[in-house]
Amino acid sequence: AGWRGRRFNRPVAGWAAGVTAETTRETIQRLLLGRTLKSGEGLLSDEAVLQTSMHAVPGAVAQIRVRHTPTNGDSTLALKSYEKGRGKWQGESLDYLWFDDEPPPDVYSEGLTRVTATGGLVFLTFTTLLGVSEVVRRFLEGNSPDRHKTQMSIEDAAHIPEAERQRIIDGY
């Protein structure tokens, strides 16, 4: 009830992607469906998940079909990776795209193209392990009304006890 962000009044199609199929399985898939794909382990409820289809990579889900409750329709989320390059990102029109881990610049640009026709959303979640790369620079330099960055540090990680934070920093 308190959500002020965008709501979709129809079923949607989206992609979520990581560096490889394995890392996508171990991050995005784990968060959404749980480690073992057993009921109640992930953010998506059993009632919401209608079907999953598997990837050629063992244990990796290729697509999740989710109930769009307001319309009782089916939304889809494909789990993808950057490893096969920009060419595998062509053709689809999407309502949203989630890059988890920093994508290469050509994959990022192709991803933006996928949401152009729908006026869709693109969001990225990653630690800047590659430094001030071309993708990071798009968010740090220049102001754009269609871009927002949220920067966080270990001090923002409320789940890590304050007494542990310095020990973790020293470990790096």
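Worth pointing out:
- Among the residues examined, Gly87 qualifies as open to solvent by 40 Å² or more (accessible area, probe 1.4 Å) and in a helix (DSSP H, G or I).
Table: residues versus (1) closer than 30 Å to Asp46 by Cβ; (2) without any contact (Cβ under 8 Å) to a residue 12 or more places away in the chain; (3) in contact with a strand residue (DSSP E or B) (Cβ under 6 Å, 6 or more places away or on another chain); (4) among the charged types (D, E, K, R).
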| site | (1), (2), (3), (4) |
| --- | --- |
| Arg65 | yes, no, yes, yes |
| Thr71 | yes, no, no, no |
| Leu97 | yes, no, yes, no |
| Leu121 | yes, no, yes, no |
| Val132 | no, yes, no, no |
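- Extreme residue, most open to solvent (accessible area, probe 1.4 Å), among residues of segment 1-39 that are touching a residue at least 24 places away in the same chain (Cβ under 8 Å), more than 18 Å from Arg67 (Cα to Cα) and not in a helix (DSSP H, G or I): Val19
- Hits in segment 45-62 (condition: crowded, with 17+ Cβ neighbours inside 10 Å and within 21 Å of Phe8 (Cα to Cα)): Val49
- Residue in segment 44-61 that is modelled with the highest pLDDT, counting only those that are within 17 Å of Arg25 (Cβ to Cβ) and outside any loop (DSSP other than H, G, I, E, B): Val61
- Residues located in segment 103-145, provided they are open to solvent by less than 50 Å² (accessible area, probe 1.4 Å), at pLDDT below 90 and part of a loop (DSSP other than H, G, I, E, B): Gly131, Ser133, Ser144
The values are calculated or read from the model by the stated rules, or taken from the named source; none is laboratory data. Model, not experiment: these values are computed from the prediction. Positions of Cβ are generated from backbone atoms using ideal geometry, with glycine treated the same way; all protein chains shown enter the neighbour counts. All accessible areas refer to the heavy atoms of the entire protein, side chains included, with ligands and DNA or RNA removed. Shrake-Rupley method; radii C 1.70, N 1.55, O 1.52, S 1.80 Å.
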